[in-house]
Amino acid sequence: TITENGDVTSTAFSPYHPGGYSVEFNATDASITVPAATGSEYRLGPDAGWTLEFWINSRDFAQAQIVYLQRNAQAAQGTVVSIATSGVMTFYHGDADVNAWEVTLSCGTITADTWHHVAIVRNGSGSNNFTSYLDGTQQNQATWSGSSGNKQVAGYIGGGNSSYNSDDREFVGFLRDFRYSEEAVYTSDF
């Protein structure tokens, strides 16, 4: 039982709640900066398992959009989550191979002006250790046993304000509950 005490209000979660409770991105260098990790702390690590998840509502797909970016070079290093003009979401992840991403994982096709839940899970280093989920349903899997070379650089939710992102690729729409967990939260449909 949770008891409210003082100037506190509790409400039930729903991405459909009238009035929002989400962050709006308007494609003009808008982003939320995730500070660089330090010491033994990582983003999208440890390699044994992690989960990146969020609720997303894209306004339109007139341009390709970056939902999340964590990299320190234009080459195929670090992590990018993007939306193509077709509505297909893709997760890219890699290290020192500057010519190609080690993981390219489709997260399914979203619909404009609709709330969707997206989850990307790494579960160990064995076969099919990367899995994507859209609205609780498994979409695709990929295998890679390596480690991202950019686990301690700053990240940008919304894609803006990074010198390693092309102009006019920022996310346009709403995001809610963008969360990173250092465990494989989902291992089957949910």
So the check is Cβ under 8 Å with 6+ separation or different chains; which pairs have a first residue in the stretch 166-183 that's within 24 Å of Ala48 (Cβ to Cβ) and open to solvent by 20 Å² or more (accessible area, probe 1.4 Å) and a second one that's at pLDDT below 85 and of a type in the set (Lys, Arg)?
Tyr180/Arg43
Verdict on Ala154 being closer than 30 Å to Thr28 by Cβ, modelled with pLDDT of 95 or more and among the aliphatic types (A, V, I, L, M)
no
Condition check: at pLDDT below 95 and over 16 Å from the mean Cα position of the chain (by Cα). Does Gly159 satisfy that?
no
In the set Thr51, Thr137, the lone residue that is among the polar types (S, T, N, Q), within 19 Å of Thr187 (Cα to Cα) and open to solvent by 50 Å² or more (accessible area, probe 1.4 Å) is Thr137
Taking Gly87 and the conditions (1) under 14 Å from the mean Cα position of the chain (by Cα); (2) open to solvent by less than 30 Å² (accessible area, probe 1.4 Å), which numbered condition does it fall short on, given that it satisfies the others?
(1)
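The values are calculated or read from the model by the stated rules, or taken from the named source; none is laboratory data. Just so it is clear, the structure is predicted and the values come from calculations on it, not from any experiment. When we count neighbours, we look across all protein chains shown, and the Cβ atoms used for this are built from the backbone with ideal geometry, even at glycine. Side chains included, ligands, DNA and RNA excluded: accessible areas come from the protein's heavy atoms. Shrake-Rupley method; radii C 1.70, N 1.55, O 1.52, S 1.80 Å.
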